[in-house]
Amino acid sequence: MPAPLSVIIPTLNAAYDLPLCLESLMPGLESGLIREVIACDAFSEDGTQAIAEASGATYIATAKGRGRQLIAGTEAARGDWFLFLHADTILSREWAERVSDHIRDRPGNAGAFRLKYRSDDKRARWLESRANRRARWLGLPYGDQGLLISRELYDAVGGFPDVRLMEDVMIVRAVGKKRLTFLDAEARTSAVKYERDGWRRRAWKNSWMLARFLLGVSPDKLAKEYT
């Protein structure tokens, strides 16, 4: 049987982060879990394409906008399962075993990883704890926690919307809390924006963006304000 998993990574000028992201996928390649890795790139101006192709990933150039990039990735994918992963996220080594277990035991559910920030700052521990509680209580993980989903469930919920922001929130709301499992492995995500803007300031800004979206502000309008 072909390997079941297509890993889909949206990229934009990701040359700094992408090598470590791709390296963290090795357990899935070594175990035969991964069928392909697809980099959906919005015409980066750095070395993203060269890095992706050198790793053996399939490189797709597509219009800018993470929703659109992710859609392009699924259209090219051949696996029965998708793993959507941000380019600045590194998975902990046990991720492949946890994903294999999920595919075998919980095929009707989507999955997300436990969030961890790549920072020694104690505020990182506060924020990731808060984010993981929100994700579990509300069934609302963000895209930086990854999303594992079968092609069947992805199609059933309508896939990613073609929006520039909040595509991750929209798809997990469509999946629903009852069809979402949290995997016992870490998505270790870049802390650059929090270190740049301040941990609490950035956290509250993101929370305010989510609240406005849930109140009906359009993703395109929010995307214009997002940095």
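The values are calculated or read from the model by the stated rules, or taken from the named source; none is laboratory data. Bear in mind that the values here come from a model prediction, so they are computed numbers and not experimental data. Cβ placement follows ideal geometry from the backbone for every residue including glycine, while neighbour counts extend to all protein chains displayed. Ligands, DNA and RNA are excluded from the accessible area calculation, which covers all protein heavy atoms including side chains. Shrake-Rupley method; radii C 1.70, N 1.55, O 1.52, S 1.80 Å.
Output the residue which, of all residues in region 125-135 that are crowded, with 19+ Cβ neighbours inside 10 Å and hydrophobic (A, V, I, L, M, F, W, C), is farthest from the chain's Cα centre (by Cα). Explain how you work it out, then say what you get.
In the first step, residues of region 125-135 are kept if they are crowded, with 19+ Cβ neighbours inside 10 Å; the result is 127-128, 131, 135.
Then keep just the ones that are hydrophobic (A, V, I, L, M, F, W, C); that gives 127, 131, 135.
Details: Leu127: 18, Ala131: 15, Ala135: 14 Å.
The qualifying residue farthest from the chain's Cα centre (by Cα) is Leu127.
Contact map, region 44-64: residues that are open to solvent by less than 60 Å² (accessible area, probe 1.4 Å) paired with residues that are in a helix (DSSP H, G or I) and hydroxyl-bearing (Ser, Thr, Tyr), Cβ distance under 9 Å, separation 6+ or inter-chain. Pairs shown: Tyr59/Thr48.
Condition first: in a helix (DSSP H, G or I) and either open to solvent by less than 30 Å² (accessible area, probe 1.4 Å) or in contact with an Asp or Glu (Cβ under 6 Å, 6 or more places away or on another chain) (or both). Now tell me which residues in region 72-105 satisfy that.
Within region 72-105, Ala72, Gly73, Thr74, Trp95, Ala96, Arg98, Val99, His102 meet the criteria.
Considering region 28-42 alone, what residues qualify as being touching a residue at least 24 places away in the same chain (Cβ under 8 Å) and of a type outside the set (Asp, Glu)? Passing the criteria: Gly28, Ser31, Gly32, Leu33, Ile34, Arg35, Val37, Ile38, Ala39, Cys40, Ala42. Just one of the listed residues (Leu214, Leu138, Leu222) is open to solvent by 30 Å² or more (accessible area, probe 1.4 Å) and in contact (Cβ under 8 Å) with a residue 12 or more places away in the chain, and it is Leu138.
Does Gly108 count as touching a Ser or Thr at 6+ places or on another chain (Cβ under 9 Å) and surrounded by fewer than 20 Cβ atoms within 10 Å (Cβ to Cβ)? Against the criterion (touching a Ser or Thr at 6+ places or on another chain (Cβ under 9 Å) and surrounded by fewer than 20 Cβ atoms within 10 Å (Cβ to Cβ)), Gly108 qualifies. When region 83-99 is filtered for residues that are over 13 Å from the mean Cα position of the chain (by Cα) and either closer than 18 Å to Ile8 by Cβ or among the hydrophobic types (A, V, I, L, M, F, W, C) (or both), the ones remaining, listed by number, are Trp95, Ala96, Val99. Could you tell me which residue of region 143-178 is modelled with the lowest pLDDT, considering only residues that are crowded, with 17+ Cβ neighbours inside 10 Å and among the charged types (D, E, K, R)? Only one residue fits best here, namely Arg164.
Quick check on this structure: which one of Thr227, Thr181 is open to solvent by less than 30 Å² (accessible area, probe 1.4 Å) and either touching a Ser or Thr at 6+ places or on another chain (Cβ under 8 Å) or not aliphatic (A, V, I, L, M) (or both)?
Details: Thr227 fails: open to solvent by less than 30 Å² (accessible area, probe 1.4 Å).
After applying the criteria, what remains is Thr181.
Checking each residue in region 19-41 for being buried (at least 20 other Cβ atoms within 10 Å of the Cβ) and touching a helix residue (DSSP H, G or I) at 6+ places or on another chain (Cβ under 6 Å) picks out Gly28, Leu33, Ile34, Ile38, Ala39, Cys40, Asp41. With a requirement of 3 or more residues that are closer than 26 Å to Glu97 by Cα and of a type in the set (Val, Ile, Thr), the helices (runs of 4 or more DSSP H) lying completely within region 119-224 that satisfy it span 167-175.
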